[in-house]
Amino acid sequence: MAAVSTLPRRLATRLLDIWAVLVLVYLFLPIAVIILYSFNTPAGKFNFVWKAFSLDAWRNPFKYPPLVEAMKLSLKVASLSTLVATIFGTLMALALCRYKFKGSGVISLLLVLPLTTPEVVLGSSLLSLFLNLNAQMGYATIVIAHIMFSVSYVALTVRARIRGFDWTLEEAAMDLGANPFRVVMKVTLPLIAPGIAAAGMLSFALSLDDFIITLFNSGSRVTYPLYVYGAQRAAYPPQINVMATAILATSLLALGLSVMWQNRTLRQAMVKE
Amino acid sequence: MAGTASGGARQSKWGPYLLVAPGVLWLLVFYVIPLVTLGKTSIAVVDGPWWSGFQRAFTAYGGHFGRSIKFAFIATLFGIALGYPLAYLMAFRAGRFKNLLLGLVILPFFTTFLVRTFAWKTILNDSGPAMWVLNQLHLMPSGGRLLNTSIAVIGGLTYNFLPFMIMPIYVSLEKIDRRLVEAAYDLYSGPVRAFIKVILPLSLPGVFAGSLLVFIPATGDFINAELLGSPNQQMIGTVIQNQFLQVRDYPLAASISFVLMAAITMGVLLYARILGTEELA
């Protein structure tokens, strides 16, 4: 490369660095506020203005039963919808990657479409269906909705991860006398597991965070985001910030563990080579 | 799973259909059919012609539509302006800090959307830190405010969807063959020219995907407008939500929702026409 390290170029590089730092500050400003205000003693009903440092909310994170119930419901919904969506989505990704079949183009389109539909349309159209069927809104309808939007994310994530894999390994295992069940357990699953784990975590995070679609299909049930929505109108205790910080810390831990796991898998692969 | 053909993709009669069946059924029943039901609901007017819901969607809520599209459009432009340089830095100059930076970009979005937006309310309110700084610098006219303005709403929209802009741009920049850039330098093009002639055109698919991933959810969003704006900043999502869940005028609510989807679909198709049709995922 012809080294062009002129003054204007160095200046441009410096400006780029400063810009990037400013964008990162913008990204983290609200996060800092969320964590900081979990240590606040709110002046009134709303944890809105800084008053004094306190550990109260961290000592009594479960002080408000409705908040705890909302969190429990969210975790239940996220677990069940993630389980179902991960199975459905992974099967779709496997089919799309490994087989040539008529209609695969339409199916790929069907997977992308929910992502290009605004959430408010997804939520309201599902509500019209449930209204038409006279369905009782509640836990079941929330889970149905969450599976619907998660399937696409799972299928697309897994497909992106397993594209270009060397599937001849399966045939090699079969040639060596392994039965199909053993092949799936010993070859296929270990190969695609990191992709499935990533997709599952994404699905869980999306479910835990979803507000708009849930609002339309929850009936009288209250998930964690719905609780926060109500709270910002009535009373917003610092325990909400404690929960948000806990979710952040848990995600960070899960993210770190999955990165470690992937690095280990990579290293093992390299050692074998 | 018995192998019938050798190599990557296989030929099989029923295998793939069995694998996709549960997911496809779920999407048909809970995505496609609901959209049809939405259309039916929109024309199931009790008193008046079938199109009266659509008529009212335009006459009574045209302003909301216009504002939603305007806010989402500006947020998309801000997203490119903020996100592109950061994505560029991650792809070309971050070196061993690349993964750390990627993590940092995603990390904020593991806190709840609503809690994050409420945090902006804490920052922007009249006695909050942002106003304090602006007042100290004498940058804010007396009586001026940040919360309950269009600036706050657009800022919130930009913030909440920024990673969806950064990630696709980063991926498309990362894919660029570095030898192309070097070739441009060898042919005596300066850094600016190399950027405009080589890097920028090759990263456009990322900008395209990112713009869609920001614009679509931003148009339908109503949390930012409700938490950070005044009734003057109300967006179309609030109207849909309100008509469906409080007023319960279902034909009108469904009409508005339908028009929003139709407008976005047409916009996406037009945009794909102009910028080339890159697959979204």
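The values are calculated or read from the model by the stated rules, or taken from the named source; none is laboratory data. In this text, all values refer to a predicted model and were calculated from it rather than measured experimentally. Cβ coordinates were reconstructed from backbone atoms using ideal geometry, including for glycine residues, and neighbour counts include every protein chain displayed.
Restricting A:Gly219, A:Gly256, A:Gly177 to those that are within 11 Å of another protein chain (Cβ to nearest Cβ) and not in a helix (DSSP H, G or I) reduces the list to A:Gly219. Could you run through the range A:52-65 and say how many residues are over 18 Å from B:Thr112 (Cβ atoms) and outside any helix (DSSP H, G or I)? Within the range A:52-65, residues that are over 18 Å from B:Thr112 (Cβ atoms) and outside any helix (DSSP H, G or I) number 6.
Selection within the range B:76-111: residues that are away from chain A (no Cβ under 13 Å) and within 18 Å of the chain's Cα centre (by Cα). The member of this set that is farthest from A:Leu206 (Cα to Cα) is B:Leu77. Of all residues in the range B:224-236, at least one satisfies being crowded, with 24+ Cβ neighbours inside 10 Å, closer than 30 Å to B:Arg145 by Cα and either β-branched (Val, Ile, Thr) or facing another protein chain (nearest Cβ under 10 Å) (or both).
For the range A:77-94, the set of residues classified as of a type outside the set (Val, Ile, Thr) and either outside any helix (DSSP H, G or I) or in contact (Cβ under 8 Å) with a residue 40 or more places away in the chain (or both) consists of A:Ala78, A:Ser79, A:Leu80, A:Ser81, A:Ala85, A:Phe88, A:Gly89, A:Met92, A:Ala93, A:Leu94, listed by residue number.
Here A:Asn60 does not qualify as within 12 Å of another protein chain (Cβ to nearest Cβ), under 30 Å from A:Tyr139 (Cβ atoms) and either surrounded by 20 or more Cβ atoms within 10 Å (Cβ to Cβ) or out of contact with any His (no Cβ under 6 Å at 6 or more places or on another chain) (or both). Among residues of the range A:233-262 that are surrounded by fewer than 13 Cβ atoms within 10 Å (Cβ to Cβ), none has a beta-carbon under 6 Å from a residue that is among the aliphatic types (A, V, I, L, M) and in a loop (DSSP other than H, G, I, E, B) at least six positions away or on a different chain.
Against the list (1) at pLDDT 95 or above; (2) under 21 Å from the mean Cα position of the chain (by Cα); (3) within 20 Å of B:Ile240 (Cα to Cα), the condition B:Val36 fails is (2). Taking the criterion of being without any contact (Cβ under 8 Å) to a residue 12 or more places away in the chain, more than 8 Å from chain B (Cβ to nearest Cβ) and of a type in the set (S, T, N, Q), the only residue of the range A:119-138 that qualifies is A:Asn134. Filtered by the rule that a residue be β-branched (Val, Ile, Thr) and either out of contact with any Phe, Trp or Tyr (no Cβ under 7 Å at 6 or more places or on another chain) or farther than 22 Å from B:Ile154 by Cβ (or both), the range B:222-255 gives B:Ile240, B:Val247. Inside the range A:94-118, residues that are within 18 Å of the chain's Cα centre (by Cα) and more than 8 Å from every other protein chain (Cβ to nearest Cβ) make up a count of 0. Annotation note: of B:Ile154, B:Ile176, B:Ile123, B:Ile74, the sole residue that is surrounded by fewer than 22 Cβ atoms within 10 Å (Cβ to Cβ), aliphatic (A, V, I, L, M) and modelled with pLDDT of 95 or more is B:Ile74.
Look at the range B:17-35: where a residue is over 24 Å from A:Cys97 (Cα atoms) and a partner is surrounded by fewer than 21 Cβ atoms within 10 Å (Cβ to Cβ) and at pLDDT 95 or above, sitting 6+ places away or on another chain with Cβ atoms under 7 Å, you get B:Phe30/A:Ile144. Between A:Val23, A:Val33, A:Val49, the distinction of being assigned to a loop (DSSP other than H, G, I, E, B), surrounded by 14 or more Cβ atoms within 10 Å (Cβ to Cβ) and without any contact (Cβ under 8 Å) to a residue 40 or more places away in the chain belongs to A:Val49 only. For beta carbons closer than 8 Å, sequence separation of 6+ or different chains, a first residue in the range A:141-162 that is more than 9 Å from chain B (Cβ to nearest Cβ) and a second that is of a type in the set (Lys, Arg) and surrounded by fewer than 24 Cβ atoms within 10 Å (Cβ to Cβ), the qualifying pairs are A:Ile142/A:Arg221.
So that you can scan it fast, the table gives a plain yes or no per residue for (1) more than 9 Å from chain A (Cβ to nearest Cβ); (2) of a type in the set (A, V, I, L, M):
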residue: B:Leu19; (1), (2): no, yes
residue: B:Gly23; (1), (2): no, no
residue: B:Tyr31; (1), (2): no, no
residue: B:Ile43; (1), (2): yes, yes
residue: B:Arg56; (1), (2): yes, no
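A search for C-beta distances below 8 Å between a residue of the range B:112-129 that is more than 30 Å from A:Phe204 (Cβ to Cβ) and any residue that is of a type outside the set (A, V, I, L, M) and not in a helix (DSSP H, G or I), counting only pairs 6+ apart in sequence or on different chains, returns B:Asn125/A:Phe48; B:Asp126/B:Arg145. So is B:Ile169 more than 30 Å from B:Ser230 (Cβ to Cβ), within 9 Å of chain A (Cβ to nearest Cβ) and under 18 Å from the mean Cα position of the chain (by Cα) or not? Considered against the rule, which asks whether it is more than 30 Å from B:Ser230 (Cβ to Cβ), within 9 Å of chain A (Cβ to nearest Cβ) and under 18 Å from the mean Cα position of the chain (by Cα), B:Ile169 comes out as no. Here A:Leu73 passes the criteria (1) part of a loop (DSSP other than H, G, I, E, B); (2) surrounded by 14 or more Cβ atoms within 10 Å (Cβ to Cβ); (3) under 25 Å from the mean Cα position of the chain (by Cα) except the one numbered (1).
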